[in-house]
Amino acid sequence: MSYSEDELISISALAHYSYCPRRCALIHIEQAWEENLFTAQGRLMHERAHSETRETRGNITTARGLPLRSLRLGLVDKADVVEFHRQPASVAQPFPVEYKRGKPKVESCDKIQLCAQAMCLEEMLNVAVLDGAIFYGTTNRRFDVAFDDLLRRETEETARATHALLDAGVTPPPEHRKSCESCSLLHGCFPKALRPGRSAVAYINTIWDSL
Ligand code: SF4
């Protein structure tokens, strides 16, 4: 299967879906976005990384803001950074690097986002991309990520599920989870109050308690 240009969705939607399908729908279907300190810091980091530049030091050429696309997965975006590692007698090996404000997450959403970038590069450049890295601002360290079969399968499944969610255009009900506490949409989502099966009285009491 191959998608057309106007069916492409942003790679960041996969990360949102993997974190929470409702969060993905609120952002990409309902255009809901609440800026908080964390998202503002993240946005500034990405704006810096997305200004299109290239520089070469030694055997590594660093491209910032490189456009990415995969018609097979139906994805489009810009990479924060792609390093091209030159090796003797072979083509330069692309090595995507994603910048995140926070610290490494339990969820695999960041790895899926990075793997989707790698799969776009493979389709665009016809070269195998074996690994990349995620830089976390809080720990000020970057962690290598290997694009193994398991992560690739998870990325493909997430791409399909995200397309299905956005095509359907229906926002799933909330489901309270640990990651809700660091979700920038928490205050507009009411994950505890609105969960399926909750009575209207309980819902109103929750709103009242939060005032
Ligand atoms: S608050 Fe929780 S349920 Fe609501 S969008 Fe965020 S992660 Fe999803």
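The values are calculated or read from the model by the stated rules, or taken from the named source; none is laboratory data. Keep in mind that what you see is a predicted model, and the values were worked out from it rather than measured. Please note: Cβ atoms are built from the backbone with ideal geometry, for glycine as well, and neighbour counts cover all protein chains shown. The protein model used for the area step is the full one, side chains on, heavy atoms only, and it has no ligands, DNA or RNA in it. Shrake-Rupley method; radii C 1.70, N 1.55, O 1.52, S 1.80 Å.
Summary table below
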quantity	calculated
Every pair of residues 6+ apart whose Cβ atoms lie under 7 Å, when the first sits in the range 175-188 and is in contact (Cβ under 8 Å) with a residue 60 or more places away in the chain and within 16 Å of GLY102 (Cα to Cα) while the second is polar (S, T, N, Q) and more than 8 Å from the ligand (Cβ to nearest atom)	SER184/ASN36; SER184/THR39
Boolean, LEU165 is hydrophobic (A, V, I, L, M, F, W, C) and open to solvent by less than 80 Å² (accessible area, probe 1.4 Å)	yes
Residue count, the range 98-118 (criterion: open to solvent by 10 Å² or more (accessible area, probe 1.4 Å) and either touching a Gly at 6+ places or on another chain (Cβ under 6 Å) or at pLDDT below 95 (or both))	10
Among residues of the range 120-149, those that are open to solvent by 10 Å² or more (accessible area, probe 1.4 Å) and in contact (Cβ under 8 Å) with a residue 40 or more places away in the chain, counted	4
Some residue of the range 138-156 being within 16 Å of the ligand (Cβ to nearest atom), in a helix (DSSP H, G or I) and within 30 Å of SER4 (Cβ to Cβ)	no
